[in-house]
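Participant: Let me give you the structure first, and then I'll get to my questions.
Every number in this text was worked out from the coordinates using simple rules, so none of it is lab data. Note that the coordinates shown come from a computational prediction; the quantities given were computed from them, not determined experimentally. Using ideal geometry, Cβ is built from the backbone for each residue, glycine included, and neighbour counts are taken over all protein chains shown.
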Amino acid sequence: MKFLIAPMCIVGFVYYFAFRPNPAVYESQIVLKDPIQSVQDSMRVLRQWCEAINPNIFISCYVRQDSVFHFKVNKATLLVSHYNIGRIDTVSLLNPGFVNLPKAKVARLLRVIKFLNRNQIGGIVHDTSTESWWYPYQLDNHNDVQGIRHLFLVESAEDTLKPTFTYYYKIVDRRSQLILTRSNDVRPRGAR
């Protein structure tokens, strides 16, 4: 029995170091399963769909880490509502959350969300303070000490030169029109 413990420990260490995820890649690179142009096009479709809802009330549309699909809207200044649509792999066109929407639009939305989710893009967030649309990226990393990273779809060079962008976000990686950002460590004055 004693002779089996040492070889099993060695095999365990080799397995751990050979197959564990590389945190440096997670922190610094955009890694997609599908061609970048297809991902960018899907991100544009999702944004157009969400902009059509009403930019004054739409906050976010995302798939949580547990695969539950959510809508978050601001119905009034003080009332924020969350709509739990259901698990992304089982949501259908007949879901009560889609009752007022055309079925063709819902079908396309679900296809786009599933496609982006497969590429570890969790959805879309409308940041009204910076008038930006962000795409949460790689939400499945529970050990992330830097916070959630977002993808930003750059339409023009001015998008990344805005003072609010440069103050709050740091560019970590860039591929085509996608940039991966993380939050700068910005605290209000006097806070420690």
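Participant: Return the FRET efficiency for the residue pair V31, L161: r is the Cβ-Cβ distance, R0 is 35 Å, and the value is rounded to the nearest 0.05.
Facilitator: The value I calculate is 0.85.
Participant: What does the extension gain come out to for L94 and Q48, with contour length at 0.36 nm per residue minus their alpha carbon separation?
Facilitator: 14.3 nm
Participant: Starting from the Cα of D185, step 7 Å along the direction of its Cβ; do the same at D41; then give the gap between the two resulting points in nm.
Facilitator: Between D185 and D41, the label points sit 4.2 nm apart.
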